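See structure below.
The values are calculated or read from the model by the stated rules, or taken from the named source; none is laboratory data. Remember, it's a predicted structure, so these values are computed and weren't measured experimentally. A quick note on method: Cβ atoms are made from the backbone with ideal geometry, for glycine too, and the neighbour counts reach across all protein chains shown.
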Amino acid sequence: MRILVQKFGGTSVANPERRTQVAAKVSEAVSQGYSPVVVVSAIGRQGDPYATDTFIKMVSSIYSEVPKRELDLLMSCGEVISGAVMVSTLRSLGLEAILLTGGQAGIITNNNFGDARIIRVEPENILKQLKEGKIVVVTGFQGITEDGQITTLGRGGSDTTAAAIGVALNAEAIDIYTDVEGIMTADPRIVEDAKILDVVTYNDICHLAHQGAKVIHPRAVEIAMQKNIPLRVKCTFTNSPGTLVTNIQPDIQAGADAIGDRIITGIAHTPNVTQIKINIQDEENKSQAVKKIFKGMALADISVDFISVQPENVLYTVRDELADKAINILHNMGFEAEAVPSCAKVALVGGGIADVPGVMADMVEALAESGVEILQSADSHTTIWVLVKKEQMVPAVQSLHKKFQLGK
Ligand code: ADP
Ligand code: MG
């Protein structure tokens, strides 16, 4: 059996015309001799009647502390609706299909409601249906705990579902269908001349995805990488080849240096973060103070990023919606803390960054030329990050894209 996993995101299943295009992709796979497993997301985006956010609002407008278990039960309905609609669409076109929920598809997770991790996939049920010649539609974004509780996998979780099933079934490929032509050098909504990356490594895409390129979820890439299952990011509405994510470096001779000639893969951005600045000048025991700060954040379940501990200051970022909570905790602990809300992280990502001198200099120059102020910066061997005000995020991404000639 040649198994192909095809995942369709929210915009791909948003209306009947688009769902017919989805069915055409599935039908095409069948005629090529594949047994398709079709993973679907909920229908539409924020504001649409069956979108995940709409469901959350329905209950959170009544009560702000809805238990996570109940929220997961509710959120899992979006994919169930979408899956049933997809099965009906496929059947209306003469294709025999069956819908399995995450649990029925054997996706076993831990009980971290809202952001559950897949522990294993028990693929027997999917296999049985495939062997009977059916197209198996699986609800994305959800699983089940050992004791039968329904869980969801966090934002972008349908990508993770597709990857996990692809690995468990040893699929020939995992196709992630979306509303853009593939993975590009930057978000095409921001950069007009963003270029499609034809072939990229799991590693490069993982870095880009972790930095906010939401076209694919980083966990999906990490899972596909376990068994080297090719991951392809394609557009539902066109026939272009999209991006192939694999472990093979493009255009590289056997045994050559692993970096190849791509210094920079792309630019990613994450808006809506708050920078927190804490003055620890007068603290007697600074290391104790630093410890207290991060313990306080951890206890309140606030994840921190972009940490910079300096002799007189501690800087870090949190998501905007957690900023008030973080500042309150700090003030209650007696710290002098200040928040700079509405910032954005912009990341220049590429395996060659560490080896090429002058990348940072070019970055600073490009940002200065377009009047972007750097609030904070950091780097690793594959990424240089800058924190900027949110309104300067778009010019920052655009000027870096231009400076490093990524559109060429
Ligand atoms: P889906 O609903 O299909 O999962 P998403 O909205 O999660 O779709 O992801 C697709 C979106 O990702 C695109 O519409 C695009 O705006 C955005 N995006 C961000 N960074 C990139 C990038 N580097 N390449 C392509 N798309 C990107
Ligand atoms: Mg997505």
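Condition check: among the acidic types (Asp, Glu), buried (at least 16 other Cβ atoms within 10 Å of the Cβ) and in contact (Cβ under 8 Å) with a residue 12 or more places away in the chain. Does Asp379 satisfy that?
Numbers: among the acidic types (Asp, Glu): yes; buried (at least 16 other Cβ atoms within 10 Å of the Cβ): yes; in contact (Cβ under 8 Å) with a residue 12 or more places away in the chain: yes.
Yes: the conditions hold for Asp379.
Looking at the range 200-216 only, could you name the residues that are aliphatic (A, V, I, L, M) and more than 8 Å from ligand 1 (Cβ to nearest atom)?
Filtering the range 200-216 for residues aliphatic (A, V, I, L, M) gives 200, 205, 208-209, 213, 215-216.
Scanning the range 200-216 gives Val200, Ile205, Ala209.
Hey, could you check the range 219-233 for residues that are away from ligand 1 (no atom under 12 Å from the Cβ) and part of a helix (DSSP H, G or I) and say which is surrounded by the fewest Cβ atoms within 10 Å (Cβ to Cβ)?
Filtering the range 219-233 for residues away from ligand 1 (no atom under 12 Å from the Cβ) gives 219, 221-232.
Narrowing further to those that are part of a helix (DSSP H, G or I): 219, 221-226.
On the way: Arg219: 21, Val221: 26, Glu222: 16, Ile223: 26, Ala224: 31, Met225: 20, Gln226: 11.
Looking at residues that are away from ligand 1 (no atom under 12 Å from the Cβ) and part of a helix (DSSP H, G or I), I get Gln226.
Answer yes or no as to whether Ile43 is farther than 22 Å from Thr238 by Cα and among the β-branched types (Val, Ile, Thr).
On the way: farther than 22 Å from Thr238 by Cα: no; among the β-branched types (Val, Ile, Thr): yes.
No: the conditions fail for Ile43.
Give the residues of the range 24-48 that are assigned to a loop (DSSP other than H, G, I, E, B), surrounded by 16 or more Cβ atoms within 10 Å (Cβ to Cβ) and more than 16 Å from ligand 2 (Cβ to nearest atom), sorted by residue number.
Initial filter on the range 24-48 (assigned to a loop (DSSP other than H, G, I, E, B)): 32-34, 41-48.
With the extra rule that they be surrounded by 16 or more Cβ atoms within 10 Å (Cβ to Cβ), the set shrinks to 34, 41-44, 48.
If the condition is that a residue be assigned to a loop (DSSP other than H, G, I, E, B), surrounded by 16 or more Cβ atoms within 10 Å (Cβ to Cβ) and more than 16 Å from ligand 2 (Cβ to nearest atom), then Tyr34 is the only one that fits.
Just the residues that are more than 15 Å from Asp48 (Cβ to Cβ) and crowded, with 21+ Cβ neighbours inside 10 Å, please, taken from the range 9-22.
Residue satisfying the conditions is Val22 alone.
I'd like to check something: does the range 336-345 contain any residue that is within 19 Å of Thr382 (Cβ to Cβ), among the acidic types (Asp, Glu) and modelled with pLDDT under 95?
Initially, the range 336-345 is screened for residues within 19 Å of Thr382 (Cβ to Cβ), giving 345.
If we keep only those that are among the acidic types (Asp, Glu) as well, we get none.
The answer is no, given that none of the residues of the range 336-345 is within 19 Å of Thr382 (Cβ to Cβ), among the acidic types (Asp, Glu) and modelled with pLDDT under 95.
Restricting the search to the range 293-303, which residues are under 17 Å from Asn279 (Cα atoms) and in contact with a helix residue (DSSP H, G or I) (Cβ under 8 Å, 6 or more places away or on another chain)?
Those that are under 17 Å from Asn279 (Cα atoms) and in contact with a helix residue (DSSP H, G or I) (Cβ under 8 Å, 6 or more places away or on another chain): Ile293, Gly296, Met297.
Considering every residue within the range 39-50, establish whether at least one is within 16 Å of ligand 1 (Cβ to nearest atom) and at positive phi. Quick ask: steps written out before the conclusion?
Residues of the range 39-50 within 16 Å of ligand 1 (Cβ to nearest atom): 39-48, 50.
Pick out the ones that are also at positive phi and you get 44, 47.
Yes: one or more hits.
Residues to consider are Val39, Val30, Val87, Val22; find the one that is assigned by TED's automatic domain parsing to the domain that holds Thr236, in contact with a Lys or Arg (Cβ under 8 Å, 6 or more places away or on another chain), modelled with pLDDT of 95 or more and of a type in the set (Val, Ile, Thr). Explain how you work it out, then say what you get.
On the way: Val30 fails: in contact with a Lys or Arg (Cβ under 8 Å, 6 or more places away or on another chain); Val87 fails: in contact with a Lys or Arg (Cβ under 8 Å, 6 or more places away or on another chain); Val22 fails: in contact with a Lys or Arg (Cβ under 8 Å, 6 or more places away or on another chain).
The conditions single out Val39.
Would you point out which residue out of Ile293, Ile280 is at pLDDT 95 or above, farther than 30 Å from Pro16 by Cα and assigned by TED's automatic domain parsing to the domain that holds Val356?
Numbers: Ile280 fails: at pLDDT 95 or above.
Residue meeting the stated conditions: Ile293.
Can you spot a residue in the range 201-211 that is in the same structural domain as Gly102 (by TED's automatic domain parsing), farther than 23 Å from Phe306 by Cβ and either of a type in the set (D, E, K, R) or away from ligand 2 (no atom under 16 Å from the Cβ) (or both)? Walk me through it before giving the result.
Looking only at the range 201-211, we keep the residues that are in the same structural domain as Gly102 (by TED's automatic domain parsing), and these are 201-211.
When the remaining residues are screened for being farther than 23 Å from Phe306 by Cβ, the result is 201-202.
Next, only the ones that are either of a type in the set (D, E, K, R) or away from ligand 2 (no atom under 16 Å from the Cβ) (or both) stay: 201-202.
Looking through the range 201-211, at least one residue is in the same structural domain as Gly102 (by TED's automatic domain parsing), farther than 23 Å from Phe306 by Cβ and either of a type in the set (D, E, K, R) or away from ligand 2 (no atom under 16 Å from the Cβ) (or both).
Within the range 154-196, track down each residue that is within 16 Å of ligand 2 (Cβ to nearest atom), modelled with pLDDT of 95 or more and part of a loop (DSSP other than H, G, I, E, B).
If the condition is that a residue be within 16 Å of ligand 2 (Cβ to nearest atom), modelled with pLDDT of 95 or more and part of a loop (DSSP other than H, G, I, E, B), then Asp179, Val180, Glu181, Gly182, Ile183, Asp187, Pro188, Arg189 are the ones that fit.
Identify, from the list Gly143, Gly114, the residue that is in the same structural domain as Ser88 (by TED's automatic domain parsing), on the phi > 0 side of the Ramachandran plot and touching a Gly at 6+ places or on another chain (Cβ under 9 Å).
Details: Gly143 fails: on the phi > 0 side of the Ramachandran plot.
After ruling out the rest, the residue left standing is Gly114.
Please state which of the following conditions Ala51 fails to meet, knowing it meets all the rest: (1) within 16 Å of ligand 2 (Cβ to nearest atom); (2) buried (at least 21 other Cβ atoms within 10 Å of the Cβ); (3) small (Gly, Ala, Ser).
It fails just one condition, (2).
Between a first residue in the range 1-25 that is within 14 Å of ligand 1 (Cβ to nearest atom) and a second residue that is among the polar types (S, T, N, Q) and in a strand (DSSP E or B), which pairs have beta carbons less than 9 Å apart while being 6 or more apart in sequence or on different chains?
Lys7/Thr178; Phe8/Thr178; Gly9/Thr178; Thr11/Thr178; Ser12/Thr178; Val22/Gln6; Lys25/Gln6
Among the residues of the range 1-17, write down those that are closer than 20 Å to Ile174 by Cα and part of a helix (DSSP H, G or I). Steps first, answer last, please.
Step one: of the range 1-17, the residues closer than 20 Å to Ile174 by Cα are 1-13.
Gly10, Thr11, Ser12, Val13, listed by residue number.
Thr151 versus (1) away from ligand 1 (no atom under 14 Å from the Cβ); (2) assigned to a loop (DSSP other than H, G, I, E, B); (3) more than 15 Å from the chain's Cα centre (by Cα): which is the lone unmet condition?
Evaluating Thr151 over (1) away from ligand 1 (no atom under 14 Å from the Cβ); (2) assigned to a loop (DSSP other than H, G, I, E, B); (3) more than 15 Å from the chain's Cα centre (by Cα) leaves (2) as the failure.
Anything in the range 282-304 that is in a loop (DSSP other than H, G, I, E, B) and within 17 Å of Ile327 (Cβ to Cβ)? List them, or say none.
Quick first cut of the range 282-304, residues in a loop (DSSP other than H, G, I, E, B) only: 282-285, 300-304.
Scanning the range 282-304 gives Ala300, Asp301, Ile302, Ser303, Val304.
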